[in-house]
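Shown next, in structure tokens, is the structure this report addresses.
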Amino acid sequence: MKLIDIGELSRRSGVPPSTLRYYEEIGLIQSVARNGLRRQFDPPVVTQLALILLGKMAGFSLEDIKTMFAKDGTPQLPRGELHLRADALDEQIRDLTRLRDALRHVADCPAETHMDCPKFKRLMQFASRSARVGKR
């Protein structure tokens with residue numbers, strides 16, 4: 001199996017070499033050799049990086065993502081946690097959809113000022129409630 005140089009891995013994955021070195025430092029990926037000072041990786045690391053990027057897009061922390069791999073780097077995806085994260089994303093999508101719709105209404109509202117618009121007032125109340133909940 002041909003090893004992949006860190007520069008080539010960066011090109012294939014879109015992940016900067018500095019991030020690849022950091023991921024190795026924290027144990028997310030592992031180099032298997034060196035060519036001079038350049039790290040060399042097994043080809044399956046490309047798949048690992050794709051899963052890491054997908055996990056980050058889904059809102060998982062790097063520490064959470066780290067637990068989703070066995071010692072040998074094979075994925076061990078926790079289906080229950082994935083369902084919970086998908087549910088949280090559904091809720092976030094609903095909230096963002098309501099926010100988008102409210103912003104569009106306020107932008108087109110025929111009220112003389114935004115402060116006369118009942119929907120804008122509700123939007124401000126929602127923002128205040130969300131800020132209070134976020135601090136908990």
Inset, instruction - Determine whether region 32-43 contains at least one residue that is of a type in the set (Val, Ile, Thr), assigned to a loop (DSSP other than H, G, I, E, B), at pLDDT below 95 and surrounded by 11 or more Cβ atoms within 10 Å (Cβ to Cβ). - result: yes
Inset, instruction - May I ask you to list pairs of residues, at least six apart or on different chains, whose Cβ atoms are under 7 Å apart, with the first in region 69-86 being aromatic (Phe, Trp, Tyr) and the second being in a helix (DSSP H, G or I)? - result: PHE69/GLN48
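Matching residues to (1) exposed (fewer than 12 other Cβ atoms within 10 Å of the Cβ); (2) closer than 14 Å to LEU51 by Cβ; (3) in the same structural domain as VAL45 (by TED's automatic domain parsing); (4) at pLDDT 90 or above:
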{"position": "THR74", "(1), (2), (3), (4)": "yes, yes, no, no"}
{"position": "ALA86", "(1), (2), (3), (4)": "yes, no, no, yes"}
{"position": "ASP90", "(1), (2), (3), (4)": "yes, no, no, yes"}
{"position": "ARG94", "(1), (2), (3), (4)": "yes, no, no, yes"}
{"position": "ARG98", "(1), (2), (3), (4)": "no, no, no, no"}
{"position": "LEU103", "(1), (2), (3), (4)": "no, no, no, no"}
{"position": "ASP108", "(1), (2), (3), (4)": "yes, no, no, no"}
{"position": "MET115", "(1), (2), (3), (4)": "yes, no, no, no"}
Inset, instruction - Would you mention how many residues in region 117-133 are in contact with a helix residue (DSSP H, G or I) (Cβ under 8 Å, 6 or more places away or on another chain) and surrounded by fewer than 10 Cβ atoms within 10 Å (Cβ to Cβ)? - result: 0
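How many residues, within region 48-68, are among the aliphatic types (A, V, I, L, M) and either touching a residue at least 60 places away in the same chain (Cβ under 8 Å) or assigned to a loop (DSSP other than H, G, I, E, B) (or both)?
The total comes to 2.
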Legend entry - Residue that is nearest to the chain's Cα centre (by Cα), among those in region 48-66 that are surrounded by fewer than 11 Cβ atoms within 10 Å (Cβ to Cβ) and either of a type outside the set (A, V, I, L, M, F, W, C) or at pLDDT 95 or above (or both): SER61
Legend entry - Failed item in (1) out of contact with any Leu (no Cβ under 8 Å at 6 or more places or on another chain); (2) assigned by TED's automatic domain parsing to the domain that holds SER13; (3) among the β-branched types (Val, Ile, Thr), with ILE52 passing the rest: (1)
Legend entry - Breaking point among (1) part of a helix (DSSP H, G or I); (2) touching a residue at least 12 places away in the same chain (Cβ under 8 Å); (3) of a type in the set (D, E, K, R), for LYS2: (1)
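The values are calculated or read from the model by the stated rules, or taken from the named source; none is laboratory data. This is a predicted model, so every value here is computed, not measured. Quick reminder, even Gly has a Cβ in these numbers, built from the backbone with ideal geometry, and neighbours come from all protein chains shown.
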